[in-house]
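Below: one structure, written as structure tokens.
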Amino acid sequence: MAVKVISPGLSTSVQDLGRPGHYHVGIPEGGGMDRFATRIANLLVGNNPGAAVLEATFMGPELEFTQSAVVAVTGGELPPKLNGEERPTWESFPVKAGDRLSFGFLKGGARAYLAVSGGIDVPVVLGSRSTYILGALGGHQGRTLKAGDELPLGEGSGKAGLSLPANLRRAGNSPAELRMLPGMYWHRITEAAGNRFFEETWKVAPEADRIGYRFRGGTPLEFVEREQPFGAGSDPSNIVDACYPYGSVQVPSGTEPIVLHRDAVSGGGYMMLGVVISADMDLIAQLQPHTPARFVPVTLEDALAARTEQRAALARAEGHLAG
Amino acid sequence: MAQILSPLPGTFYRSASPDQPPYKADGDAVSAGDVIGLIEVMKSFHEVRAETAGTNIRFIADNEDPIMAGAPIADLD
């Protein structure tokens, strides 16, 4: 009743839809960075959308099954191979005891989600099976997978041959357009710097990970002169420590914006220009290093409308899979 | 002719550190399993190894080039 890890890939971890409710004590919500892909992978194999899946970053693992199951791969275009034969993504297919699942080179996106019927049955920690790697919490022993690991599976019954057509998936743009709501500390930069921030094209830095996505290539920000407030550090980008929202865009020293993602730290002393809207956080999860990206300013009304549209798109996909 | 492809997206390096010589020079012979470069991604470095032996390696990717997964790094005879 297990999946054996033959080789782990680059950074593969157990994730579900996360553990909300503990961010105030520094434990991030976590969970699959591409929530749409996480949910759909589960639905394709007959699981609850919040069952635990494997999130593979940039490179797939090689796995061996010790029992029959139905599996599906969604998210980035990481072609699955069953015993060396390519299988489609966004479509469930059967595996049997002794079968090996490996992956070809990543063809698009950045993260793939592998769901197995029954779900990955690691212990629930603080309400979730997600791995918080930085905190060594949850998932499989609180870490990314290693060769030799065995992951238990729950009881499931999936149906092979279920698929989500391309028109029901979210397509990315190039350059990626990340809609952003300017926020509390916007007044700290000059108007010219603010305009340039949105006009310029940035590139994903190779350091980008589950904690934050770093961007570089734009002009450093010019700050408005001020006397540093008591309790703030000496850099013009420093503030008196504040809470960091999920999606917030901090710019340490005004040089490289970092968008905090699902394993975000919960607070600190860098000013935030605003937040990337919730509807666009899945897009960030699928950006490879060096991908061009732009930040696009929106209003709160735009952000809420985008969230409503994203929920409708998810409902259409769920409706299709429910038949 | 064989091609060595990048298994990962990231930044490609031809040597282990800036003060070291490249792992392989153009024209070198390569054995299966030889390290031919590094890819930097997510704050760590990953060795790129040749899967098959060959002669006369010719690099397509330059040192510090941004590289996508599946992109050619070098040709081999």
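The values are calculated or read from the model by the stated rules, or taken from the named source; none is laboratory data. Computed from a prediction, not measured in an experiment: that's the story for all the values here. Methodologically, a virtual Cβ is constructed for each residue, glycine included, from the backbone with ideal geometry; neighbour enumeration extends over all protein chains shown.
When A:Arg262, A:Arg226, A:Arg214, A:Arg307 are checked against the criterion of being away from every other protein chain (no Cβ under 14 Å) and outside any loop (DSSP other than H, G, I, E, B), a single residue qualifies: A:Arg307. Being surrounded by fewer than 19 Cβ atoms within 10 Å (Cβ to Cβ) and farther than 23 Å from A:Asp282 by Cβ is a condition met by no residue of segment A:163-181. Quick one: would you say B:Ile36 is modelled with pLDDT of 95 or more, away from chain A (no Cβ under 12 Å), in contact with a Leu (Cβ under 6 Å, 6 or more places away or on another chain) and at negative phi? The answer is no for B:Ile36. Got at least one residue in segment A:254-263 being in contact with a Pro (Cβ under 8 Å, 6 or more places away or on another chain), within 18 Å of A:Gly109 (Cβ to Cβ) and assigned by TED's automatic domain parsing to the domain that holds A:Arg216? Yes: segment A:254-263 contains one or more residues that are in contact with a Pro (Cβ under 8 Å, 6 or more places away or on another chain), within 18 Å of A:Gly109 (Cβ to Cβ) and assigned by TED's automatic domain parsing to the domain that holds A:Arg216.
In the set A:Glu64, A:Glu85, only one residue is over 26 Å from A:Thr291 (Cα atoms) and free of Cβ contacts under 8 Å to residues at least 12 places away in the same chain; that residue is A:Glu85. Only residues that are touching a residue at least 12 places away in the same chain (Cβ under 8 Å), farther than 13 Å from B:Ser6 by Cβ and within 14 Å of chain A (Cβ to nearest Cβ) were counted in segment B:43-61, giving 1.
The conditions of being within 14 Å of chain B (Cβ to nearest Cβ) and either exposed (fewer than 15 other Cβ atoms within 10 Å of the Cβ) or in contact with a Ser or Thr (Cβ under 8 Å, 6 or more places away or on another chain) (or both) are met by A:Pro292. Against the numbered list (1) within 14 Å of chain B (Cβ to nearest Cβ); (2) under 18 Å from the mean Cα position of the chain (by Cα); (3) crowded, with 17+ Cβ neighbours inside 10 Å, A:Phe105 comes up short only at (2). With respect to the conditions (1) within 14 Å of chain B (Cβ to nearest Cβ); (2) farther than 25 Å from A:Gln286 by Cβ, A:Ala112 falls short on a single one, namely (2).
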